[in-house]
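Just so it is clear, none of the values below were taken in a lab; they were calculated from the coordinates. Fair warning: this is a prediction, and the values are worked out from it, not measured in the lab. Cβ coordinates were reconstructed from backbone atoms using ideal geometry, including for glycine residues, and neighbour counts include every protein chain displayed.
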Amino acid sequence: MFCEKAVELIRELHRMSDGQLPAFNEDGLRQVLQEMEALYEQNQSDVNEAKTDGRSDLIPSIKLRHCCLLRNQRCITAYLYDRLLRIRALRWEYGSVLPANVRFQLSAEELQWFGRYKKSLSCFMRSLGGAEAGGEGLDITQDMKPPKSLYIQVRCLEDHGELEIDDGTVILLKKNSQHFLPRWKCEQLIRQGVLEHVVS
Amino acid sequence: KTMSDVLSDDGSINQDDSQEDVMTPAELIAKLEEAWLNEKFSPELLESKSEVVECVMEQLTHMESNLQRVKKGDAKASVHRMEIDRIRFVLSSYLRSRLQKIEKFFPHVLEKEKSRGEGDPSLLSPEEFAFAKEYYANTETYLKAVALKRMPPNLQTVDLLKAVPEPCLDSFVFLRVKERQENILVEPETDDQREYVVDLEEGSQHLIRYRTVAPLVSSGAVQLI
């Protein structure tokens, strides 16, 4: 049945409803594009025959193939676009450096898209507050939650080296060590899984 | 015209009644919070409030530098710090709401901004406009390179205005009335209903379809909650 492979691509993403990103299905994409090429060529020859030999009985199958072509186009663009939305979410979740296991799921072109998105976002954030202000803008990927307390207790889940806080002190983030740190300094590290907020 | 001209160090208003937009810091933050809630609860992107954003950022810089002058360990420091964090959170959240809608509805947002009249208020700040254009170009280039140009000749374009859904203006919103409104026409929802007219009393709260009150949100007559 036509368009089956295209629908399979959609189902693949639909199965991962929590926004996870499966590996890029290069094979699947190629198969759908091949099917489109075949359908188009069959239509080209049938259209010619219909015109020259007056074969109007070919018209229903021409129409069917055209519908399948449109459906394949729609499924492919939906697959690619939905993946872009998930990739966009990664910037907000992990920051501008993606963990290796996540980066592995992106195609080369998707990585390029991600790179351009990051740059565009960065440029936008730096420009906030007006150019004349001469400031550094505002990092809106921080402050994701309303501030409840100034300092929070955190546990280090993995070795992360040194962290410098605003008054100059340097904290050594060693696995399993616990610290009482400014909340705003920890947010991104908590999201990345380096620190864990300890709620007593 | 910036707020810093009119805000003095102790936060009092300048006695210049001929100037519009004279605001205390408290009024500025109230305006920010109103814009934040409206943007959060509105299904569509609202008018850009660049002036408020710029003034709040100036205010934050001002507060940060005041904080540097306070002795470390002074109890005032943590209260000030908390307030700075609070305001920064509201501002970030406001800008994030807007960015999310810009990305979600990008072809429509750009179309609306490009086709607005000379005197009409901007939907996007200049920075947001640049970001939206880059987002559009980035996405279109990607789709073309990876798939569209490998498709048959008559299928190599996608009309993004048709492919990307528009905001649903018929979603319901909660609101509080700030300025009394008379004779608001409410559309029927089912075939056997008829349209009817309501008056919105000041201070009253309602659950109503966004489309009906969209102009009242932008004029400030109602506040989304």
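How big is the shadow of the Cα convex hull of segment A:1-156, averaged over all directions, in nm²? Numbers along the way, then the final one.
On the way: hull surface 61.6 nm².
Dividing the Cα hull surface by four gives the mean projection, 15.4 nm².
Per the Kirkwood formula on distinct C-alpha pairs, the Rh of segment B:32-71 is how many angstrom?
Final number for the Kirkwood radius of segment B:32-71 is 11.9 Å.
Using Cα-Cα distances under 8 Å and only pairs 6 or more residues apart, what relative contact order does chain B have, in percent? Show your work: numbers first, answer last.
Values: 242 pairs, mean separation 44.8, N = 225.
Relative contact order comes out at 20 percent.
Name the residue, out of A:Gln153, A:Gln20, A:Gln44, whose mean-square fluctuation peaks in a Gaussian network model built on chain A with Cα pairs under 10 Å.
Maximum fluctuation in the GNM of chain A, among the listed residues, is at A:Gln44.
At 10 °C and 1.306 mPa s, grab the translational diffusion coefficient of segment A:49-99 from Stokes-Einstein with a Kirkwood Rh over Cα pairs, rounded to a whole number in µm² per second. Don't skip to the answer; put the middle values down first.
Numbers: Rh = 14.2 Å.
Taking Rh from Cα pairs, D becomes 112 µm²/s.
Could I get the Rg over Rh figure for the protein assembly as shown? Both from C-alpha atoms, Rh via Kirkwood, rounded to two places. Mind dumping the intermediate values first?
On the way: Rg = 26.9 Å, Rh = 25.7 Å.
Ratio of gyration radius to Kirkwood radius for the protein assembly as shown: 1.05.
In this model, which of A:Lys145/B:Lys133; B:Lys31/B:Lys162; A:Lys119/B:Lys133; B:Lys114/B:Lys162; B:Lys49/B:Lys112; A:Lys175/B:Lys76 are farther than 24 Å apart at the alpha-carbon?
Details: A:Lys145/B:Lys133 29 Å; B:Lys31/B:Lys162 35 Å; A:Lys119/B:Lys133 13 Å; B:Lys114/B:Lys162 17 Å; B:Lys49/B:Lys112 17 Å; A:Lys175/B:Lys76 35 Å.
Result: A:Lys145/B:Lys133; B:Lys31/B:Lys162; A:Lys175/B:Lys76 exceed 24 Å.
To the nearest 20 debye, what charge dipole does chain B have about its Cα centre, counting +1 at the Cβ of each Lys and Arg and -1 at the Cβ of each Asp and Glu? Mind showing how you got there, number by number?
Values: 29 positive and 42 negative charges, 273 e Å.
It comes to approximately 1320 debye.
Counting pairs of alpha carbon atoms under 8 Å apart in space and at least six apart in sequence, what relative contact order in percent does segment A:41-118 give? Before the final figure, lay out the partial values.
On the way: 23 pairs, mean separation 15.3, N = 78.
After rounding, I find 20 percent.
Please sort A:6-15, B:127-136 by packing, taking for each peptide the average over its residues of neighbouring beta carbons within 10 angstrom, highest first. Intermediate results must be reported in sequence, preceding the final value.
Numbers: A:6-15: 15.4, B:127-136: 19.8.
Per-residue Cβ counts within 10 Å, averaged per peptide and sorted highest first, yield B:127-136, A:6-15.
Per residue of B:130-143, count partner chain C-beta atoms within 10 Å of its C-beta, then hand back the mean as an integer.
Details: counts 4, 7, 2, 1, 7, 6, 0, 2, 9, 7, 0, 4, 9, 7.
Mean inter-chain Cβ contacts per residue within 10 Å come to 5.
Write down, largest first, the equivalent ellipsoid semi-axes of segment B:147-190 in whole Å, where each equals the square root of 5 times an eigenvalue of the alpha-carbon gyration tensor.
44, 12, 9
Suppose a student asked you for the relative contact order of chain A, using Cα pairs under 8 Å spaced at least 6 residues apart; what percent would you report? Could you put the intermediate results ahead of the total?
Numbers: 194 pairs, mean separation 32.4, N = 200.
Taking the mean separation of contacting Cα pairs over the length of chain A, I get 16 percent.
What share of all Cα pairs of chain B, in percent, falls into each consecutive 10 Å distance bin?
Values per bin, smallest distances first: 6, 24, 27, 23, 13, 5, 1, 0.
Average the reciprocal distances over every distinct pair of alpha-carbons in segment A:91-200, invert the result, and give the Kirkwood radius in Å.
Details: mean 1/r = 0.0624 Å⁻¹.
It is 16.0 Å.
Among the aspartates and glutamates, select those whose C-alpha is under 13 Å from the C-alpha of A:Lys118, and discard any that sit fewer than 8 residues away in the same chain.
Within the straight-line cut-off, A:Lys118 pairs with A:Glu93, A:Glu110, A:Asp139, B:Glu134.
Pick out which of B:Gln59, B:Gln68, B:Gln193 has the largest mean-square fluctuation in a Gaussian network model of chain B, springs linking Cα atoms closer than 10 Å.
B:Gln193
Using 10 Å bins from zero, what percent of all Cα-Cα pairs in segment B:92-225 falls into each bin?
Going from the shortest bin to the longest, the percentages are 10, 29, 28, 20, 10, 3.
Using only atoms on other chains, find how many Cβ atoms lie within 10 Å of each Cβ of peptide A:190-198 and report the average. Write down the numbers at each step before the final one.
Working: counts 0, 0, 0, 0, 0, 0, 0, 0, 0.
Mean inter-chain Cβ contacts per residue within 10 Å come to 0.
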